Structure formats: structure tokens, C-alpha cells
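To start, the structure itself, in C-alpha cells.
Every number here is computed from the coordinates shown, using simple stated rules; none is lab data. Computed from a predicted structure; not experimentally measured. Cβ sites come from the backbone with ideal geometry, for glycine too, and all protein chains shown count toward neighbours.
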Amino acid sequence: MTSSGRARDTSVQSVDRAVSILQVLAGQGPSGVTEIAEGLGIHKATVFRLLATLESRGLVEQDSERGRYRIGYSVVELAAGATRRSDLSLLSRPVCQELATAAGETVNVAIHDGPEVISIDQVIGGAAITSIDWVGKRTPMHATAAGKVFLAYMPKEQADGILAQGLRRYTPHTIVDPARLEEQLEFVRKREYATTSEEHEIGLAAIAAPIRSLEGQVIAAVTLSGPTFRVNDRTVAELAEQVVEAGAKISWRKGYVKRG
């Protein structure tokens, strides 16, 4: 085995042991180095080194009694992130089911992670000709309706940073000119919804509207997608009205009340 291979194996083992330490602390509460080492069958010096690293990242904290460690607040924040995503899925599902039934198309709720869009929930409409599971999949911002919603409402410097990374062409219809994309984002802000037609996949069109938090920030998007022979210039106005209404309903359920 090469030295780089051994280093990777050591790193993986360290991560595995660090997770085991967190599991011990979660299961038995505040514990000392000796207790953890004996419980896991790991040398005390290794446990101490890993605890020091975990403590530096806020994942463990020393109890009031020095030498004993407990789960740190950073773990709570990480768990809260997963809970927020789960809560949004549960909170939005009745509205998404209503929209999918009314429109007959697939409805998704998406969030973004950096320059990518991630679907966190999906409801298949009765007229859908396919049942592709988009949940957990990452898609590009500039070529998706949900992504355009995020780009339109995020701080300009953040959007500019994403666009500066380059706009990959996925189909002949993908918008790769930043100036042209910015024109579309201005329309998104005026209409409160975004559209795409064969920009990410040939034959697929989508409409997305923002989901807002209590403070009015765009935290997610609700998206309706379907084949271009059903989601097109003739139908987009009526469908967009339903998608915007769904986004507003989910936002209200999150506590957002539109002023004015």
C-alpha cells in the first residue's frame, strides 16, 4: 500500500472513531477519557486527541467537572438543520398533494446548497407520464426553475459569485449568457415565479415559486414539472397561478404573512 493510501485509511479510521465517541456521549451522557477509551477499546491518547479535535469544532464540550465531556451545541445545530428540512417536507406535503392533484403534474419542494438545487420532497400527479424520483438529487441553479427563484431573491453578491463559476450548457436551450439570465431573474422578481423549458432536460418544462420564512426570506421553492406538450406557452399562465398560490400557502404555514 502506498503512503497516500495508508494516510487515507488512517483518516477514515479517525472519522469512524470520532463518530463512535459522539455516539457514546449521546448514549451515556458526560464521560471521561478513560470511560470512553474502555468502552470503545481505543487507547486513551487516541481518544484524548480526537476529543480535542471535536472540542475545537464545538461538537463536544468539557463539562463543569474538568476531564468529562458532553455533546456540544454544534451537534444540536447540525441536527436542527436536518429537522428543519424534515419539517418543511411535512409542512408542505398537503399543499403539494393538492397542487399535484389539481394540475396532474409532478410537484417538488427544493432547497439550495451553494450553486445546486436539492429536491427534498416530491408528489406525483395523476397525469404524470413518468415517476422519476428527484428527491435528494442535485441540479444546477441556472438551468432549473427552482434555481432561478433562488438566484432572483438571494443577495446580488451571492448570485454573482455563483454565476461567475460559469454556466454549463445542458441542452441547446440552456441559458449560458449571464446578461440574458439576469433579464429572466428580473422577470422572476416581478411575476413571483420562474419557468424553464428544456433547459436542463429535453422534453421537460417547469414552473417554480418561492417559499418564504417568517421573516420573508426565500428558504425553498415549490416546483411543478411536466412534459413540454402539457407545460408550455398555452398552459403556463394558469399553472403558474396555481404554483404561486401553493408557494404562498406553504409560506403561510411557515408563519409568513405578506405585508401590504
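Quick query: amide H of H112 versus all other amide H atoms, modeled in the peptide plane; which residues come in under 5 Å with a sequence gap of 5 or more or a different chain?
Amide H neighbours of H112, under 5 Å, 5+ apart: I118.
Before rounding to the nearest 500, sum -39500 (n - 2.57) across all DSSP H runs of length at least 4 in the chain and divide by the residue total; then give [θ] at 222 nm in deg cm²/dmol. Mind dumping the intermediate values first?
On the way: 8 runs with 127 residues, N = 260.
For the chain, the value works out to -16000 deg cm²/dmol.
Subtract the Cα-Cα distance of E241 and K137 from 0.36 nm times their separation in residues, and report this length gain in nm to one decimal. Provide the component values of the computation, followed by the final result.
Numbers: separation 104, 0.36 × 104 = 37.44 nm, distance 2.63 nm.
Here the segment from E241 to K137 would lengthen by 34.8 nm.
Each residue of the range 225-237 in turn: what ³J(HN,Hα) in whole Hz from Karplus with 6.51, -1.76, 1.60 and θ = phi - 60°, glycine and Pro shown as x?
3J(HN,Hα) across the range 225-237, in whole Hz: 9, x, x, 5, 6, 10, 9, 7, 4, 6, 10, 5, 4.
Specify which labelled value, from (1) 21.0; (2) 18.4; (3) 20.5, agrees with Kirkwood radius over Cα pairs in Å derived from the coordinates of the model shown.
Of the labelled values, this structure produces (1).
Please list the equivalent ellipsoid semi-axes of the range 121-260, computed as the square roots of five times the alpha-carbon gyration tensor eigenvalues, in descending order and whole angstrom.
Details: eigenvalues 94, 85, 38 Å².
Ellipsoid semi-axes (Å, largest first): 22, 21, 14.
Step through the residues of the range 151-162 one at a time and calculate ³J(HN,Hα) from phi using the Karplus curve (6.51 cos²θ - 1.76 cosθ + 1.60, θ = phi - 60°), rounding each to whole Hz and writing x for Gly and Pro.
Coupling constants for the range 151-162: 4, 5, 10, 7, x, 4, 5, 5, 5, 4, x, 5 Hz.
Would you mind checking the tilt of helix 73-103 against the longest principal axis of the Cα atoms of the chain, expressed as 0 to 90 degrees and rounded to 10?
Around 20 degrees separate the two axes.
What list of ³J(HN,Hα) values in whole Hz, one per residue of the range 198-205 in order, does the Karplus curve 6.51 cos²θ - 1.76 cosθ + 1.60 (θ = phi - 60°) give from phi, with Gly and Pro shown as x?
The phi angles translate into 6, 8, 10, 9, 5, x, 10, 10 Hz.
Work from the charge dipole of the chain (Cβ charges, +1 for Lys and Arg, -1 for Asp and Glu, about the Cα centre) and give the residue of V75, A205, A152 farthest towards its positive end.
V75
Kindly rank 12-21, 145-154 from highest to lowest mean number of other beta carbons found within 10 Å of each residue.
145-154, 12-21
If you place +1 on the Cβ of every Lys and Arg and -1 on the Cβ of every Asp and Glu, how big does the dipole about the Cα centre of the chain come out, in debye to the nearest 20? Walk me through the numbers on the way to the answer.
Values: 30 positive and 31 negative charges, 69 e Å.
Its charge dipole is roughly 340 debye.
Quick one: which residues, 5 or more positions from G32 or on another chain, have an amide H under 5 Å from its amide H? H modelled 1.01 Å from N in the peptide plane, none for Pro or chain starts.
Y69
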